[in-house]
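Trainee: Quick one: the structure is below, and I'll ask about it shortly.
The values are calculated or read from the model by the stated rules, or taken from the named source; none is laboratory data. Every value quoted in this text rests on a predicted model; they were computed, and no experiment measured them. Glycine also receives a Cβ, built like all others from the backbone with ideal geometry; neighbour counts cover every protein chain displayed.
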Amino acid sequence: MFTVFKREISSFLSSLIAYIVIVVFLLVTGLFMWVFPDYSLLDFGYASLDQLFIIGPWVFMFLIPAITMRFFSEEKRTGTIELLFTKPVTDTQIILGKFFAGFALVVFAVLPTLLYAVTLWFLADPVGNIDTGGIIGSYIGLLLLGAVFVSIGLFASALTDNQIVAFILGLFLCFFFYSAFDSIKLFNLPVKVQLVLEQLGISAHFYAMSKGVLDSRDLVYFGSVIALFVALTKTVLESRKW
Amino acid sequence: MSVQVKQLTKIYGTQKAVDGISFDIPEGAIVGLLGPNGAGKSTTMKILTGFIPQTSGMATVHGLDVEKNSLEIRRLTGYLPESNPLYLDMYVQEYLHYAAGFYEVNDPAKRVKQMLEMTGLGVEQHKKIGQLSKGYRQRVGLAQAMLHDPKVLILDEPTSGLDPNQLVDIRALIKEIGKSKTIILSTHIMQEVEAMCERVLIINKGKLVANDAVAQLQRKVAGGITVQVEFSDAVQQRELRSLSGIQEVRNEQGNQWLVTGDAKTDVRKTLFDYAVRSGKTVLSMSQHENSLEEIFRELTQKP
């Protein structure tokens, strides 16, 4: 597993993907946080990082499928998948190796934004008067959301040997899981159905966490969605054996 | 036995890619898997390496079942898939280190160096694989397959698309490696089998049509020697046929004939004596090798 992980990471670094992803993520979130007049923290007047956690998921929605799109589709297209799957490692180890490589990149993109939090600490009046709990919860939520997107992207990539298809499919599935459930519930549906639909989407759990409350239900939700997509990926890859 | 295959069958949808193949390969042999395109060579290899499972039958490598002990078998075998897929964005050395990471290799750095030397990649080791010529990529593929000193090497068309010089190099390399390992290689080039292999398995439409030592196969199909002869005057086919010890007579063109005798007869002498007796002149006579190429065509073109 570590061998696969290492190769993916070095491939990120040598192909510039890592740098581009990190720079774009920081650029977009930075602009919304500090520069754009209507959204910027400085105009807003409240010492909160909400802007980052509203924009973050949407940026990830585009960036993560772009990171993950080549994971399996490239291997399928070039045939290296046959070599990889005849090495003495299990399919699950390969999938997890790639998953953690994608997740590591997400972590490295998020890490520098801790500077925003530190800045906020000093900007607040009195200094340090910020919602630390909420911010920590939001960060954990953002990372888990990133992990879910990585697993979705991994699945999309396993479905096809075409990277563009994998990207678009991944983007759509990320969007669907993030916000479509919220929109569907706006239809005139019974309240119980609405509640269930809301709980199926990512955003409800993400916002629950951003309040600073680490509810086990939310953690279980993120964990199960990741497990679901990893299992689906495994099933798709094993379809060669049918 | 290093590799044992019993009644192996693989069905894709409704198509039988491999149809009840059985063979044994002793340890240390170099075996050529021969067949026209789409005969089932690659499928057989994919089953042996554990990439896809068989539909029925069984295959063992070093006594291990390919389905139940897939991971152990993968540790014992090196595999070069068809068309030699590689990560083109990696450096040669980096790639070999990566490949070594999958196995328990003592001192990977030393082993990689050894492989680079053995495959003659030393000069190219700091290049990206994408920059290499096809011959050198093939060497990278081979180096990758042999890194962990496998007991069995499975090479799917290891020499396809190489120029004649590279061909000779790679063949020599494979032969060198074959001294200490069991090698199964597939090809549809006959000379390759003649040059490298001790045994040959010929597959046609998923069925095994020959399983012999190379020399034996040549004798088996050919019978005796065949001679190409040209007479000065017209000759009747039945006249030639009636000579003692002649098995087959074929007209090539005009007065040129292909004459095959049985194993005991020297056809050249018979033909010469015949010519003298009937007052004709032999313009040319040459021994016609029954090459593997012809054997292959004969075996694989039967309806």
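Trainee: Find the strands (runs of 3 or more DSSP E) located wholly in the stretch B:174-274 whose residues include 1 or more that are outside the structural domain of B:ALA29 (by TED's automatic domain parsing) and loosely packed, with under 14 Cβ neighbours inside 10 Å, and list them. Spell out the reasoning first.
Mentor: Values: elements: B:182-187, B:199-204, B:207-213, B:226-231, B:246-253, B:256-261.
The qualifying strands (runs of 3 or more DSSP E) are B:246-253.
Trainee: Cβ-Cβ under 7 Å, sequence separation 6+ or interchain: first residue in the stretch B:34-57 and over 15 Å from B:ILE21 (Cα atoms), partner in a strand (DSSP E or B) and among the hydrophobic types (A, V, I, L, M, F, W, C). Which pairs?
Mentor: Listed by first residue and then by second, the contacts come to B:THR49/B:ILE154.
Trainee: A further question follows. Among the helices (runs of 4 or more DSSP H) lying completely within the stretch B:87-146, list those that include at least 3 residues that are away from every other protein chain (no Cβ under 14 Å).
Mentor: Here the list reads B:108-118, B:134-146.
Trainee: Among the candidates A:ILE20, A:ILE64, A:ILE55, which residue alone is surrounded by fewer than 18 Cβ atoms within 10 Å (Cβ to Cβ), part of a helix (DSSP H, G or I) and away from every other protein chain (no Cβ under 12 Å)?
Mentor: A:ILE20
Trainee: Among the residues in the stretch B:63-84, are any surrounded by fewer than 16 Cβ atoms within 10 Å (Cβ to Cβ), at positive phi and part of a strand (DSSP E or B)?
Mentor: no
Trainee: Scan the stretch A:85-105 and give yes if some residue there is over 25 Å from B:MET146 (Cα atoms), in contact (Cβ under 8 Å) with a residue 60 or more places away in the chain, aromatic (Phe, Trp, Tyr) and out of contact with any Leu (no Cβ under 7 Å at 6 or more places or on another chain), otherwise no.
Mentor: Yes: the stretch A:85-105 contains one or more residues that are over 25 Å from B:MET146 (Cα atoms), in contact (Cβ under 8 Å) with a residue 60 or more places away in the chain, aromatic (Phe, Trp, Tyr) and out of contact with any Leu (no Cβ under 7 Å at 6 or more places or on another chain).
Trainee: Just one of the numbered conditions (1) touching a strand residue (DSSP E or B) at 6+ places or on another chain (Cβ under 8 Å); (2) surrounded by fewer than 17 Cβ atoms within 10 Å (Cβ to Cβ) is not true of B:ILE25; which one?
Mentor: With (1) touching a strand residue (DSSP E or B) at 6+ places or on another chain (Cβ under 8 Å); (2) surrounded by fewer than 17 Cβ atoms within 10 Å (Cβ to Cβ) applied to B:ILE25, the lone miss is (2).
Trainee: For the stretch A:142-184, enumerate the residues that are more than 14 Å from the chain's Cα centre (by Cα) and of a type outside the set (A, V, I, L, M, F, W, C).
Mentor: Residues satisfying the conditions are A:SER157, A:THR160, A:ASP161, A:ASN162, A:GLN163, A:ASP182, A:SER183.
Trainee: Another question, if that's okay. How many residues, within the stretch B:53-86, are of a type in the set (Val, Ile, Thr) and more than 9 Å from chain A (Cβ to nearest Cβ)?
Mentor: The total comes to 4.
Trainee: Of all helices (runs of 4 or more DSSP H) completely enclosed by the stretch A:77-192, which ones contain at least 1 residues that are of a type in the set (D, E, K, R)?
Mentor: Fully inside the stretch A:77-192 and qualifying: A:80-84, A:91-110, A:181-184.
Trainee: Restricting attention to the stretch B:279-292, which residues are surrounded by 14 or more Cβ atoms within 10 Å (Cβ to Cβ) and modelled with pLDDT under 80?
Mentor: In the first step, residues of the stretch B:279-292 are kept if they are surrounded by 14 or more Cβ atoms within 10 Å (Cβ to Cβ); the result is B:280, B:282, B:285, B:288, B:290-292.
Residues satisfying the conditions are B:HIS288, B:ASN290, B:SER291, B:LEU292.
Trainee: I'd like to check something: does the stretch B:4-13 contain any residue that is in the same structural domain as B:LYS179 (by TED's automatic domain parsing), modelled with pLDDT of 90 or more, assigned to a strand (DSSP E or B) and of a type in the set (Phe, Trp, Tyr)?
Mentor: no
Trainee: Quick one: how many residues across the stretch A:153-169 are within 12 Å of A:ILE95 (Cα to Cα) and out of contact with any Ser or Thr (no Cβ under 7 Å at 6 or more places or on another chain)?
Mentor: Of the residues in the stretch A:153-169, 0 are within 12 Å of A:ILE95 (Cα to Cα) and out of contact with any Ser or Thr (no Cβ under 7 Å at 6 or more places or on another chain).
Trainee: Any idea how many residues of the stretch A:216-242 are over 20 Å from A:LYS185 (Cβ atoms), of a type in the set (D, E, K, R) and away from chain B (no Cβ under 14 Å)?
Mentor: Final tally of qualifying residues: 1.
Trainee: Follow-up question, since we're still on this one. Can you tell me which residue in the stretch A:23-48 is surrounded by the fewest Cβ atoms within 10 Å (Cβ to Cβ), limited to those that are at pLDDT below 90 and aromatic (Phe, Trp, Tyr)?
Mentor: Top of the filtered list is A:TYR46.
Trainee: Would you be able to tell me the number of residues in the stretch B:147-173 that are out of contact with any strand residue (DSSP E or B) (no Cβ under 9 Å at 6 or more places or on another chain), crowded, with 17+ Cβ neighbours inside 10 Å and of a type in the set (A, V, I, L, M, F, W, C)?
Mentor: Result for the stretch B:147-173: 4.
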